[in-house]
1. Could you tell me whether L116 is surrounded by fewer than 17 Cβ atoms within 10 Å (Cβ to Cβ), of a type outside the set (S, T, N, Q) and touching a strand residue (DSSP E or B) at 6+ places or on another chain (Cβ under 9 Å)?
2. Would a scan of segment 153-160 turn up a residue that is closer than 19 Å to G266 by Cα and not in a helix (DSSP H, G or I)?
3. Between residues in segment 38-55 that are over 15 Å from A4 (Cα atoms) and residues that are crowded, with 16+ Cβ neighbours inside 10 Å and hydrophobic (A, V, I, L, M, F, W, C), which pairs lie under 6 Å by C-beta distance while being six or more apart or on different chains?
4. As an exercise: evaluate S231 against (1) surrounded by fewer than 20 Cβ atoms within 10 Å (Cβ to Cβ); (2) within 13 Å of V192 (Cα to Cα); (3) in contact with a Gly (Cβ under 9 Å, 6 or more places away or on another chain) and give the number of the one condition it does not meet.
5. Looking at T204, is it surrounded by 14 or more Cβ atoms within 10 Å (Cβ to Cβ), of a type in the set (S, T, N, Q) and at pLDDT 90 or above?
6. Kindly evaluate L107 against the criterion of being in the same structural domain as V234 (by TED's automatic domain parsing), surrounded by 14 or more Cβ atoms within 10 Å (Cβ to Cβ) and at pLDDT 95 or above.
7. Going by the structure shown, is G135 at pLDDT 95 or above, more than 30 Å from P87 (Cα to Cα) and not acidic (D, E)?
8. Got a sec? Which of L55, L24, L6 is among the hydrophobic types (A, V, I, L, M, F, W, C), closer than 27 Å to V261 by Cα and modelled with pLDDT of 95 or more?
Amino acid sequence: MKIAILSRDKRLFSTRRLVEAVKLRGHEVQVLNHLHCYMDIASHRPGVYYSGQKLEGFDAVIPRIGASVTAYGTAVLRQFEMMGVYPLNESVAITRSRDKLRSLQILSRAGIGLPLTGFASSPDDTAHLIELVGGVPLVVKLLESTQGKGVILAETHNAAESLIGAFRDLNVNFLVQEFIKEANGSDLRCFVVGEKVVAAMMRTAKEGEFRSNLHRGGTARLIRLTPEERSTAVRAARKMGLNVSGVDLLRSNHGPVVLEVNSSPGLEGIEKATGKDIAGMIVQFVEQNAKPNRTRTRGRG
């Protein structure tokens with residue numbers, strides 16, 4: 001097989017591991033910086049070009065698209081889909097998962113457990129918005145936040161009102177969410193491939209921090225999931241339409257709740273915590289599923 005990996009930096013751990021796994025299983029691989037790709041959209045034969053050459057002959061594409069370039073990255077991926085190349089994760093699913101509000105609405109409609117979440121535009125709604133999520137402490141989260149950036153804990157009512165007011169003044173979109181105190185600064189990262197959780201770790205925030213992201217100094221360890229947690233993670237990934245994802249859960253008093261479904265989950269933390277060859281599992285999934293034109297949306301939507 002000939003596999004393309006869309007990544008802005010071939011030196012990144014996850015990209016390097018995927019390249020190693022593809023080669024180890026005897027396939028050809030090319031890392032493409034999606035920002036350097038350009039597209040022939042108007043012709044009857046859609047094409048993607050890179051360094052002056054038309055990209056042809058690929059059987060599958062593995063997208064590793066950063067949140068800051070979602071629009072352009074998914075446009076490139078959509079072009080590959082229109083050419084009949086199999087995408088590990090489809091462009092529509094990635095776009096859906098990156099929209100935090102839309103993704104939560106999809107999960108809510110499916111009856112999947114979520115933290116109490118509010119969204120409003122008018123400052124007249126602030127007091128009721130705080131009440132809707134169970135009062136303080138609460139979490140204010142930018143819709144474009146990644147790796148814990150733009151996620152702030154408000155511990156008092158005055159702090160919550162001031163923070164919500166400041167975000168509104170900046171004219172940015174944000175969510176207000178229930179703070180799950182009983183999680184004790186820990187969350188679960190469930191790595192889903194296909195219809196199965198292939199690995200899971202518990203991430204714990206460093207002292208004095210409530211965000212458990214490893215990029216913010218959190219620590220990770222192997223964890224055994226309950227059947228309900230496994231089922232929740234798989235259902236969340238399926239509802240997003242993602243073949244590979246990192247589903248972040250919190251253990252609450254009313255069962256597992258989904259924080260986020262990540263369409264480009266990092267491999268470094270989970271592979272080190274679990275000792276599993278997750279990159280190899282991803283490539284094996286591609287081998288089993290990559291067929292020409294095997295894309296649900298074919299670049300539509």
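The values are calculated or read from the model by the stated rules, or taken from the named source; none is laboratory data. These numbers were taken from a predicted model, which means no experiment stands behind them. Note: ideal-geometry Cβ built from the backbone for every residue, glycine included; neighbour counts use all protein chains shown.
1. Numbers: surrounded by fewer than 17 Cβ atoms within 10 Å (Cβ to Cβ): yes; of a type outside the set (S, T, N, Q): yes; touching a strand residue (DSSP E or B) at 6+ places or on another chain (Cβ under 9 Å): yes.
Here the answer is yes, as L116 does meet what is asked.
2. Going through segment 153-160, the residues closer than 19 Å to G266 by Cα turn out to be none.
Scanning segment 153-160 turns up no residue that is closer than 19 Å to G266 by Cα and not in a helix (DSSP H, G or I).
3. Short answer, once both residue conditions are applied: M39/V48; P46/M82; P46/M83.
4. (3)
5. On the way: surrounded by 14 or more Cβ atoms within 10 Å (Cβ to Cβ): yes; of a type in the set (S, T, N, Q): yes; at pLDDT 90 or above: yes.
Yes, satisfied.
6. Details: in the same structural domain as V234 (by TED's automatic domain parsing): yes; surrounded by 14 or more Cβ atoms within 10 Å (Cβ to Cβ): yes; at pLDDT 95 or above: yes.
For L107, the condition - in the same structural domain as V234 (by TED's automatic domain parsing), surrounded by 14 or more Cβ atoms within 10 Å (Cβ to Cβ) and at pLDDT 95 or above - is met.
7. Details: at pLDDT 95 or above: yes; more than 30 Å from P87 (Cα to Cα): yes; not acidic (D, E): yes.
Yes; evaluated as a whole, the condition is true for this residue.
8. Numbers: L55 fails: closer than 27 Å to V261 by Cα; L24 fails: closer than 27 Å to V261 by Cα.
Testing whether each residue is among the hydrophobic types (A, V, I, L, M, F, W, C), closer than 27 Å to V261 by Cα and modelled with pLDDT of 95 or more leaves just L6.
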